[in-house]
Each structure stands twice: as structure tokens, then as C-alpha cells.
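First the structure, in the form of C-alpha cells, and then the observations on it.
The values are calculated or read from the model by the stated rules, or taken from the named source; none is laboratory data. What you see is a predicted model, and the numbers here were worked out from it, not measured in a lab. All Cβ positions, glycine included, derive from the backbone under ideal geometry; neighbour counts span all protein chains shown. Note: areas computed on protein heavy atoms with side chains; ligands, DNA, RNA excluded. Shrake-Rupley method; radii C 1.70, N 1.55, O 1.52, S 1.80 Å.
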Amino acid sequence: MREKLESYRAYLFLIPGLFFLFLFTYLPIIWSTWLSFNEWNLLSPKPVFSGLENFVKLWQHDVFWLVMKNSFFFVTVSIFPTMFLALVFAILIDERMKGRVYYIYSLFYPTLIPMAAAAMLWVYIYSPNLGILNIFLAKLGLPKLGWLGSSQTSLWALIIMTFWKNLGFFTLIYLAGLQNVNRELYEAAYIDGAGWWRRHFSITFPLVGPTSLFVLVVAIILTFRVFDQIHLMTEGGPGNSSNVIVYYIFENGFKFFDWGRASTLTTILVLILLSLTLIIFGIFGKRITYTAD
Amino acid sequence: MRPNKRWFVVLSFVAILLVLTTLWLIPIYLMVKISVSDPQDILVQNPDFFSTHFTSRHWVGVLAAGNIWPPLRKSLTVAVVTALFSLFLSVPGAYGLSRIPGSVAHVFLIGIFLTRMFPEVGVALPISVTFIRGGLFDTDMGLILAHMVRVLPISAWVLVATFKAIPQDLEEAAFVDGATKVRSLIHIVLPLAKPGIGVALIFSFLGSWDEFIYATYLCLANKTLPLMVYYYVSRGGWFLSSTYATVVTIPVVIVTYSLQRYIRSGYLRGAIKG
């Protein structure tokens with residue numbers, strides 16, 4: 001009886017936070033989902049229920065498909081190198097060499113600095129005449145690139161910048177994951193004569209499985225939601241070449257004032273993220289059950 | 001492993017790490033460099049990597065013109081108040097979550113995690129519309145509430161892991177001595193949870209300091225610092241924008257440095273398992 005009373009009191013602690021979340025997060029989410037089935041734009045200034053019309057219209061819209069292609073491209077091209085390198089650097093940093101703090105901070109600071117500052121830096125780095133990238137290319141005798149200004153390279157430029165900004169974050173998560181790996185396993189393997197590669201290949205890689213799963217899901221969500229750098233650096237251009245789904249939501253909602261369509265895109269993105277998460281946990285979640293505690 | 005071979009391995013690790021970290025540091029070096037360089041070193045075809053002519057006039061100009069103080073004040077106020085307010089909600093919330101049955105807590109945590117799937121741009125629209133109607137447009141309070149929407153889930157996430165790591169036996173001992181739940185939270189759990197609270201505070205401060213979308217919608221005359229950086233970048237003034245960008249980065253360095261003993265990767269460890 002006493003225990004029940006205690007846990008009932010524990011629920012009381014949740015109320016203020018949940019109230020806030022409900023009011024400012026869940027309610028807007030519900031409203032936005034409802035709006036995705038409404039026509040609401042400059043021509044129809046009050047939301048009018050229109051069923052699946054928004055979805056059908058998007059389906060027939062070329063820009064929508066370009067945006068989806070860009071988003072999926074952005075995600076697939078950026079997360080796997082990020083995850084792989086983050087794991088490699090976490091393993092290297094975990095070797096406990098001198099300068100550990102220096103390595104961590106140099107990799108992690110891009111995550112901490114405000115996106116506005118980071119975007120300013122990279123606009124400079126990518127600038128066709130002054131930027132160091134083109135100077136570097138010129139020194140190698142290669143042709144200069146248009147970077148942000150060219151529809152061939154703009155998406156790549158944003159991917160590289162995002163890679164720079166996120167690598168440290170994921171390295172830190174892997175570093176935390178590595179602390180969960182039992183050190184005695186390495187010692188045992190070392191005594192059995194396993195070399196450095198062998199130890200990491202047979203112990204580290206399998207045992208960071210749960211961390212990788214977490215990183216993969218977080219990376220997918222984070223990368224699908226990229227917005228700030230696109231707004232700051234290219235505004236989706238030139239010619240929609242770097243337009244991705246969240247920027248497209250912004251464009252529809254705040255430039256074309258088509259709030260119905262913006263909500264529809266939000267719903268589509270959430271459906272994509274939900275299904276990817278479920279698929280990933282469905283495939284790998286059950287298999288990776290062991291932890292090294 | 002033979003000793004000489006081991007030396008070779010260690011050296012190559014150090015070399016790889018040094019090369020990468022140096023590459024990673026180039027952007028911030030450039031930012032600070034431009035803000036203190038004479039235009040003759042920057043605005044030329046193929047400028048050199050190292051400047052030779054330095055000047056303080058971009059900094060003096062930015063600080064003397066006075067345009068920077070209102071946004072700086074606004075950003076600092078909003079970030080500090082956001083961090084404190086969200087602790088006010090997330091500390092009891094996370095404590096509650098760590099003390100209810102695991103399966104129920106799991107449902108709540110998933111509920112919080114799911115909100116991260118919604119793009120801020122999508123949620124920002126209804127929130128901004130409501131705030132504008134409610135007279136919160138262009139006020140500090142409006143932005144603080146909006147930033148709490150962004151920061152609260154992250155803060156709660158970090159704190160649940162922290163509180164879970166604190167053994168309940170300690171509290172039960174306090175209950176036996178007649179302490180109430182609130183008292184045990186304040187006198188026993190909170191002091192032990194300081195490192196985690198420190199991390200939550202850093203994340204909340206940075207989350208607000210960095211924020212851009214809500215600021216775009218909810219600010220008109222009183223802009224935040226990131227909006228000012230954007231303004232100067234979009235006008236193409238390298239010296240002003242790099243100076244502003246450096247200014248916006250400095251508090252991040254200070255906050256992170258002063259609270260760095262709390263950011264040991266150990267604290268993220270719980271978050272992964274949780």
C-alpha cells in the first residue's frame with residue numbers, strides 16, 4: 001500500500017512538464033497533422049477540409065520529387081561515412097593517448113558553435129574567389145568549383161559542411177558507448193595474443209552494436225531534419241538543387257503561405273521517420289540484445 | 001606485440017588524429033583571422049593562409065557602433081532564462097520518470113522521443129501563430145517559451161538517465177527518517193545529480209543560444225545574435241559577419257569551458273542505455 005502511494009506521488013512530479021509539453025508540443029503537432037488534410041492558403045484563408053487533396057497534389061508535383069530525392073541523397077551520403085569515421089575516431093581517442101581532451105574538443109566544437117557562425121564560416125570557405133577550397137584546388141592545378149553557387153555542387157557542399165559539424169557529436173556518443181565495453185575482454189584477448197586490429201574487429205565492432213543502432217536512428221532523424229544551414233547558406237538553390245524536405249516545408253509555409261501543404265509535408269516527413277525507425281528496430285533491435293555490462 | 005611495432009602503431013594513431021583535428025580547426029581559425037585582419041590580406045585573389053597585417057578596427061567598429069548590445073542582451077537573457085525555466089520543469093519531471101515503474105516510464109520517454117521526429121519548422125508555425133495572437137510577438141517571454149519547446153525534451157532525456165543512476169536506497173533511508181518526497185529530492189537527490197544537471201544546463205543554454213527558426217518568426221525589431229550574423233552574411237560583409245560570428249561563439253566557449261568537468265562522456269553513457 002505504501003509503495004503504491006509513493007509511486008502515485010512520483011506521477012505528481014510529471015504534471016508541470018507534461019502540461020507544458022501537451023500545450024506547446026503535442027497540441028501543435030495534432031493541429032498540424034489535422035491541417036495536412038485541409039486546404040489553407042492565401043486563396044482559402046480559413047482551413048477547409050479537403051481530404052487527401054494535398055497529398056495527391058504533392059504527388060503530381062515535380063519539385064516534391066526533386067526535394068525527396070535530395071533529402072534521401074543527403075541522408076544516405078552523409079550518415080554512413082559519419083558513423084564509420086565517428087567509430088574509428090572514438091576507438092583511436094579511447095586508446096588513452098596524450099592530448100585526448102584536445103582531440104575531443106577539436107572534433108566536438110563544430111557541434112557546439114551556433115549554426116549561424118558555422119554557416120558564415122562555410123560561406124566564406126566556399127566562396128569562389130576568396131575561399132580556401134578553391135585556392136587549394138587551384139594550387140593542385142584543378143579547375144575551381146562553384147560550390148554553393150552551382151546546382152551541381154550545392155548539395156555536396158552542404159553535405160560536407162554538415163559532416164564537419166556532426167562528426168564530433170557522434171564520436172562522443174561512440175566514445176560513451178565504448179565505456180560500456182568491458183575492458184577485461186581486451187585484456188583477455190591481448191593475453192591470448194590477439195593484435196590491435198583483431199581485438200577491435202572481434203570485440204569492439206560487435207559490442208558497439210546497440211550504440212550503433214542508437215546512432216543510426218538519431219543520425220537519420222537529425223539529417224532528415226537539416227534546415228538551418230540550408231536556410232543560411234543556399235536557400236535551397238540554385239534552382240532547388242539543394243532544397244530538402246524541411247526547407248521545402250519552410251518555403252511553403254512562410255514564402256508561399258500555403259500552410260495546408262506545409263502541414264502535409266510535415267506529416268509525410270514524420271511518416272517517413274517513423275517507418276524508418278520501426279524498420280530499423282524491427283530488423284536489428286531483436287538481434288542486438290546483448291550488452292557488455 | 002613487439003615494442004618497436006607498438007611505437008609505430010601509437011605514432012600513426014597520433015598522426016591521423018593530429019591531421020584530422022587540424023583540418024577540423026581550420027574553419028574557426030579562419031573566422032577569427034578574418035575578424036582581425038586588414039582587408040588587404042583578405043579581399044584579394046588567392047589570399048594567404050596566414051595574415052601579415054592585423055587590425056582591431058573591425059572589432060572596435062562593431063563594439064563602438066552599439067548595434068551589437070541589444071541583440072547580445074536579448075540572446076543572453078533568453079538563453080539563461082530558457083535554461084533555468086526548463087530545469088524547473090525537467091528536474092521534477094525527470095525525477096518522477098525515474099521513480100515510476102520502468103514500463104510506464106518507457107512509454108513517456110518514447111512519447112518525448114517521438115516529438116523529436118517533428119521538424120521544428122512544422123511545429124513552429126502553429127506555435128508562432130498562437131504567440132502572435134497572444135501578444136508574445138517580439139517579446140523575450142515569447143521566445144523563451146518557444147525555446148523551451150525545443151530544449152525541454154533534451155533536458156529531460158539527460159536528467160532521467162542521471163536520476164536513474166542515483167540509488168533509491170538513499171531516499172528510502174530518508175523516508176524512514178520521515179522526509180517527504182520533495183525534501184528527499186532537494187536534500188539528497190539534487191546534490192548527487194549536480195553533474196547531470198550541469199550537462200542539462202549546458203545543452204539548454206546552447207539549444208536556445210543557437211536557435212534560429214523561432215527567432216525568425218517571433219522577432220522583428222529586437223533580433224537575437226544569430227539573426228544578426230545571418231543579416232551580415234546575407235549582406236556579404238566578411239569583416240562584420242566574422243566579428244559577429246566570433247562574438248556569438250565566445251559565450252559557447254566560456255559556458256562549455258566552465259562546465260566542462262561535467263561533460264565527461266560517462267554522462268552520455270546513461271543516456272544511450274536509457
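Quick look at the numbers
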quantity	calculated
Residues of the stretch A:162-184 buried by at least 50 Å² on assembly (accessible area, 1.4 Å probe, chain alone as reference)	A:Trp164, A:Ala176, A:Asn180
C-alpha center-to-center spacing [the stretch A:237-252, the stretch B:73-131] in angstrom	28 Å
Accessible area in square angstrom per residue, the stretch B:3-55, 1.4 angstrom probe	59 Å²
Part-to-part distance (alpha-carbon centres) for the stretch B:139-178 and the stretch A:35-50, which is given in Å	39 Å
Accessible-area composition of the protein assembly as shown, carbon plus sulfur, in percent [1.4 Å probe]	70 percent
Theoretical ellipticity at 222 nm over chain B - DSSP helices of four or more residues, -39500 (n - 2.57) apiece, nearest 500	-25000 deg cm²/dmol
Alpha-carbon centroids, the stretch A:133-196 and the stretch A:79-111: separation in whole Å	9 Å
Percentage relative contact order, chain B, counting C-alpha pairs under 8 Å, at least six apart	28 percent
Over chain B: Rg over Rh, Cα atoms, Kirkwood Rh	1.07
Directionally averaged projected area (convex hull, Cα atoms, the stretch B:31-173), nm²	14.9 nm²
Computed magnitude of the charge dipole of chain A (debye, nearest 20; Cβ of K, R +1, Cβ of D, E -1)	280 debye
Surface per residue (accessible, 1.4 Å probe) for the stretch B:68-273, Å²	40 Å²
Accessible area expressed per residue, the stretch A:94-146, with surrounding protein chains retained (probe 1.4 Å, Å²)	43 Å²
Cut-off 15 Å (backbone N to label point 7 Å along Cα→Cβ of A:His61), residues of the stretch B:114-147	B:122
Residues losing 10 Å² or more accessible surface upon assembly, the stretch B:55-91, compared with the chain by itself, 1.4 Å	B:Leu89
For the protein assembly as shown: Kirkwood Rh in Å [reciprocal of mean 1/r, alpha carbons]	25.5 Å
Estimated [θ] at 222 nm from DSSP helical runs (n ≥ 4, -39500 (n - 2.57)) normalised by residues in chain A, nearest 500	-21000 deg cm²/dmol
Mean Cβ count within 10 Å, highest first, over the residues of peptides A:244-254, B:135-145, B:163-173, B:80-90	A:244-254, B:80-90, B:135-145, B:163-173
Long-range amide H partners of A:Asn38 with built H, under 5 Å	A:Ser50
GluC sites (Glu not before Pro) restricted to DSSP loop in the stretch A:29-118 with at most 13 other C-beta within 10 Å	A:Glu95
Inter-site label distance for A:Leu142 and A:Glu184 at 7 Å from Cα along Cβ, in nm	5.0 nm
Pairwise burial B:A, computed as accessible area of each alone minus the pair, summed, 1.4 Å, Å²	8200 Å²
1.4 Å probe, heavy atoms, protein only - residues of the stretch A:62-107 losing at least 40 Å² accessible area vs chain alone	A:Phe89, A:Leu92, A:Met97, A:Tyr102, A:Tyr103, A:Tyr105, A:Ser106, A:Leu107
Relative contact order for chain A, counting Cα pairs under 8 Å that sit 6 or more residues apart, in percent	28 percent
Cα-only radius of gyration and Dmax that characterise the stretch A:61-285, units Å	20.3, 67
